[in-house]
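The values are calculated or read from the model by the stated rules, or taken from the named source; none is laboratory data. Quantities reported herein were computed from a predicted structural model and do not represent experimental measurements. Here Cβ is always computed from backbone atoms with ideal geometry, including for glycine, and neighbour counts include all displayed protein chains. For the accessible areas, the whole protein counts, side chains as well, though only heavy atoms, and no ligand, DNA or RNA atoms are used. Shrake-Rupley method; radii C 1.70, N 1.55, O 1.52, S 1.80 Å.
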Amino acid sequence: MEDGVLKEGFLVKRGHIVHNWKARWFILRQNTLLYYKLQGGQKVTPPKGRILLDGCTITCPCLEYENRPLLIKLKTQTSTEYFLEACSREERDAWAFEITGAIHAGQPGKVQQLHIQKNSFKLPPHISLHRIVDKMHDSSSGIRPSPNMEQGSTYKKTFIGSSLVDWLISNNFSANRLEAVTLASMLMEENFLRPVGVRSLGAIRSGDLAEQFLDDSTALYTFAESYKKKISSREEISLSTMELSGTVVKQGYLAKQGHKRKNWKVRRFVLRKEPAFLHYYDPSKEENRPVGGFSLRGSLVSALEDNGVPTGVKGNVQGNLFKVITKDDVHYYIQASSKAERAEWIEAIKKLT
């Protein structure tokens with residue numbers, strides 16, 4: 001990374017005037033968070049905007065948008081609010097941790113406290129599970145169950161494990177994720193919650209209370225009294241349920257060249273195994289449905305050299321390119337944010353081809 005750069009990569013940002021969502025390239029420095037447009041596969045300078053971190057407050061997890069559970073909210077000294085969405089819970093928390101450290105850079109004691117808190121474990125005293133469950137059922141600020149799919153089946157009135165963990169933290173029932181997982185496990189043990197589907201039911205077999213509840217975006221849970229299962233019909237899900245049933249191996253924001261117009265757009269890529277598929281999603285849309293994808297069986301993946309623009313690639317791209325050729329000879333040109341990230345994606349895809 002360049003001197004003074006603490007972290008960089010793609011995040012999806014809510015617009016200030018028109019509240020649409022667009023992917024931007026973010027660079028975090030000690031006192032500023034810069035963001036850039038992407039054009040022709042390259043970030044456009046000067047920056048589209050900057051967020052001054054001095055006096056800024058950060059909210060993470062931020063649950064103000066029901067269909068966007070991976071948000072960070074920044075509020076500046078002048079009360080301007082920024083909503084930034086990451087591609088995964090791990091990436092969101094990594095950004096939040098680095099931004100929080102940058103906000104408190106002038107207070108070494110505060111930064112040290114953050115490091116300690118990140119790994120601490122302490123359940124708050126005198127927990128009232130009934131009060132938590134009442135709050136969870138609140139129509140305006142509680143958990144809102146919705147249909148979720150796992151392994152080809154749609155389960156009504158469910159919520160994902162990591163969303164409940166976020167909710168427990170944001171409502172000050174837990175100070176960190178480890179506390180929230182233990183608290184959620186207690187709610188299950190007292191029969192307030194029930195696991196739904198293969199992943200969450202499998203975790204119940206663990207003997208450790210803290211590991212019975214999964215802080216995971218693929219594990220499903222429901223309120224004990226509202227459990228309903230429904231097998232998906234073809235009319236409800238046009239995509240093959242089989243190709244979306246695999247275990248998520250890797251996910252992240254990557255830039256992809258379009259097949260027809262050859263323009264570059266940021267997509268959230270999700271790599272699954274058993275069966276092996278690579279799907280991509282439009283991060284500006286709220287519905288969690290792929291806009292494209294392909295089977296990795298029989299595919300070829302390779303890095304593209306950075307000395308000049310390869311044949312088939314349009315635009316003044318900034319490097320870190322790789323190509324996937326499917327068994328049907330469809331060519332996908334994809335751009336990672338760094339050479340290291342490109343190597344990680346190529347290695348992960350190769351294992352599944």
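Just a few scattered comments:
- Figure note: Arg268, Arg92 ranked by solvent-accessible area, largest first, 1.4 Å probe, ligands and nucleic acids not counted: Arg268, Arg92.
- Lys/Arg +1, Asp/Glu -1 at C-beta; region 129-230 dipole; positive extreme among Ser153, Leu220, Gly142: Ser153
- Between Glu274 and Asn191, the modelled label-to-label distance comes to 3.3 nm, taking each label 7 Å out from Cα in the direction of the beta carbon.
- Extension gain for Thr32 to Lys314 (0.36 nm times residue separation, less C-alpha to C-alpha distance): 98.3 nm.
- Per-atom-type breakdown for region 129-230 gives carbon and sulfur 48% of the accessible area (1.4 Å probe, protein chains only).
- Simple spin-label estimate for Val18 and Ala224 gives 4.9 nm between the two label positions (7 Å along the Cα-to-Cβ direction from each Cα).
- Label-to-label distance for Glu305 and Tyr65 is 4.2 nm, based on points extended 7 Å past Cα in the beta-carbon direction.
- Residue pairs exceeding 22 angstrom between C-alpha atoms, taken from Lys7/Lys273; Lys7/Lys339; Lys43/Lys351; Lys7/Lys75: Lys7/Lys273; Lys43/Lys351.
- Listed by chain and number, the aspartates and glutamates whose alpha-carbon sits under 18 Å from that of Lys314, ignoring those within fewer than 8 places in the same chain, are Glu305, Asp306.
- Label zone at Ser140, where the point sits 7 Å out along the Cα-to-Cβ direction: region 156-181 residues whose backbone N lies under 17 Å: 171
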